[in-house]
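Some notes on the structure that comes next.
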Amino acid sequence: MLASIGLSSVDELFSAIPEALRLASGGLDLAPGLSEFDALARMEDLAARNRPVGRDLVCFAGGGAYDHDVPAVVRRLAFRSEFVTSYTPYQPEVAQGVLQALFEYQTLVCRLTGMDVANASLYDGASAVVEAVNLAVAATGRPAVWLSQGVHPHWREVVRTYARGTGHRLLEAPLAGGRTVWPSGGEPPGAVVVAYPNYLGCVEDLQAARREGALLVVAADPVALGLLRPPSDHGADVVVGEGQPFGTPLSFGGPYLGLFACKRDHVRRLPGRLVGETVDAEGRRAYVTTLRTREQDIRREKASSNVCTNQTLIAVACTVQLAWLGAAGLRELALQCARGTRYAREALLRIDGVTAATDAPVVREFAVRTPVSGEAVVERMADEGFLAGVPLTGSGEYGADLLVAVTERRTRAEIDAFAAAFEKVVR
């Protein structure tokens, strides 16, 4: 395998992993011949060195993964054995419960985004962006893709990785003042991808992103959509996003949930699964998978997607939480985040040396410049009991040091303590 990919050793294969995170040459520091119980006890001791959010650290980090409340009803219903143990619903006669749950999920995503049709989910926000780009290029026949730097940097990295195989030509549009500056000329794009709000928390002008003959792909924050106008009102053709805020804890980075919705015109290119409503032989309401893109497999190079599955359990959790919140509850959730964000932002900007990185309006996340690096702030704030945010210092493209997020779980007292600790560490 190493020879096939042009590498000489396993160490070279894992060279991208920082040295500090790799095992020493001697391997794990475990005595030989340990029993299973002794080895487990040792591993639990190592795991106890972690400082989890919620127990040891108050979380103000975001950047795509957020410390939202997961209501008890979500855990109780989504983790019923019928959902946890269910298999792929290829046989609708024995899978009506799961199929109906996914149909409800699709309906809720359509209501959230204002789009015509949604699939039964993808793996995460990054894979959803890739699939949206593939759909747009296939639909327009244009290989050029304009990608805002306000889209999550990890998502853009995944798009770049796939583009090396698909041949898509990427143009990354920079940010100025927190918003995307789109080119005025160049190769006509097949897809224009913009985040709403963007990675710095700023609300983009979606109308400015529209280009004649191109599909507008909006990577939306689903919580912010509780307050903002849906992307469909701005002419979006495809809406994607990360569904982690609804029913999924942080979980060391996954598994998460890719949201994907589009106009009806593109339903034949929809990636993954689509659940439809029909009637059975006795005229009763029934649910089935329909227009399954597994059929794209036989199309080979003409297929716009090879995704054949979805994140059923995570989608069910999302469905339960959205249904539990309702329209009014979602708006209240988004409003609490927005109010907490404004309060925290004003508190930090009163600290000498801390300045705003942008002047554009924000919803539940904001970037600041600090007298010391973002990495140093995060490290020092951990000693004060806070996960302070996502460092931006090393990125070089945002002109900021730290990205701070506020969810509905953060109280006024926690924000005040966070600001006091922040002032201490930046001095």
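The values are calculated or read from the model by the stated rules, or taken from the named source; none is laboratory data. Fair warning: this is a prediction, and the values are worked out from it, not measured in the lab. Using ideal geometry, Cβ is built from the backbone for each residue, glycine included, and neighbour counts are taken over all protein chains shown.
I'd like the full set of residues that are surrounded by fewer than 11 Cβ atoms within 10 Å (Cβ to Cβ) and among the hydrophobic types (A, V, I, L, M, F, W, C), limited to region 29-45.
Those that are surrounded by fewer than 11 Cβ atoms within 10 Å (Cβ to Cβ) and among the hydrophobic types (A, V, I, L, M, F, W, C): Ala31, Phe37.
Going by what's in this entry, would Asn310 be described as assigned to a loop (DSSP other than H, G, I, E, B), assigned by TED's automatic domain parsing to the domain that holds Arg142 and either touching a Lys or Arg at 6+ places or on another chain (Cβ under 6 Å) or modelled with pLDDT of 95 or more (or both)?
Yes: the conditions hold for Asn310.
Looking at Arg229 and the list (1) in a loop (DSSP other than H, G, I, E, B); (2) in contact (Cβ under 8 Å) with a residue 24 or more places away in the chain, which single condition is not satisfied?
Of everything listed in (1) in a loop (DSSP other than H, G, I, E, B); (2) in contact (Cβ under 8 Å) with a residue 24 or more places away in the chain, Arg229 misses just condition (2).
Of these, Leu387, Leu291, Leu325, which one is within 17 Å of Asp221 (Cα to Cα) and in contact with a Leu (Cβ under 7 Å, 6 or more places away or on another chain)?
Testing whether each residue is within 17 Å of Asp221 (Cα to Cα) and in contact with a Leu (Cβ under 7 Å, 6 or more places away or on another chain) leaves just Leu325.
Mind checking which pairs have a first residue in region 7-30 that is without any contact (Cβ under 8 Å) to a residue 60 or more places away in the chain and a second that is hydrophobic (A, V, I, L, M, F, W, C) and not in a loop (DSSP other than H, G, I, E, B), Cβ under 8 Å, 6 or more apart or different chains?
Sorted first by the residue in region 7-30, then by its partner, the pairs are Leu7/Leu13; Leu30/Ala39.
Condition first: in contact with a strand residue (DSSP E or B) (Cβ under 6 Å, 6 or more places away or on another chain), among the small types (Gly, Ala, Ser) and not in a loop (DSSP other than H, G, I, E, B). Now tell me which residues in region 232-264 satisfy that.
Gly241, Gly258, Ala261
Tell me, yes or no, whether region 317-326 has at least one residue that is of a type in the set (A, V, I, L, M), modelled with pLDDT under 95, surrounded by fewer than 19 Cβ atoms within 10 Å (Cβ to Cβ) and over 19 Å from Val84 (Cβ atoms).
Checking region 317-326: not a single residue is of a type in the set (A, V, I, L, M), modelled with pLDDT under 95, surrounded by fewer than 19 Cβ atoms within 10 Å (Cβ to Cβ) and over 19 Å from Val84 (Cβ atoms).
Residue check: is Gly141 more than 23 Å from the chain's Cα centre (by Cα), surrounded by fewer than 23 Cβ atoms within 10 Å (Cβ to Cβ) and modelled with pLDDT of 95 or more?
Against the criterion (more than 23 Å from the chain's Cα centre (by Cα), surrounded by fewer than 23 Cβ atoms within 10 Å (Cβ to Cβ) and modelled with pLDDT of 95 or more), Gly141 qualifies.
Being in contact with a strand residue (DSSP E or B) (Cβ under 9 Å, 6 or more places away or on another chain), small (Gly, Ala, Ser) and not in a loop (DSSP other than H, G, I, E, B) is true for just one of Ala360, Ala413, Ala421. Which residue is that?
Exactly one of Ala360, Ala413, Ala421 is in contact with a strand residue (DSSP E or B) (Cβ under 9 Å, 6 or more places away or on another chain), small (Gly, Ala, Ser) and not in a loop (DSSP other than H, G, I, E, B), namely Ala421.
May I ask you to list the residues in region 92-120 that are without any contact (Cβ under 8 Å) to a residue 12 or more places away in the chain and part of a strand (DSSP E or B)?
none
Return the residues of region 172-184 that are surrounded by fewer than 16 Cβ atoms within 10 Å (Cβ to Cβ) and out of contact with any Pro (no Cβ under 7 Å at 6 or more places or on another chain); say none if nothing qualifies.
Within region 172-184, Pro174, Ala176, Gly177, Pro183, Ser184 meet the criteria.
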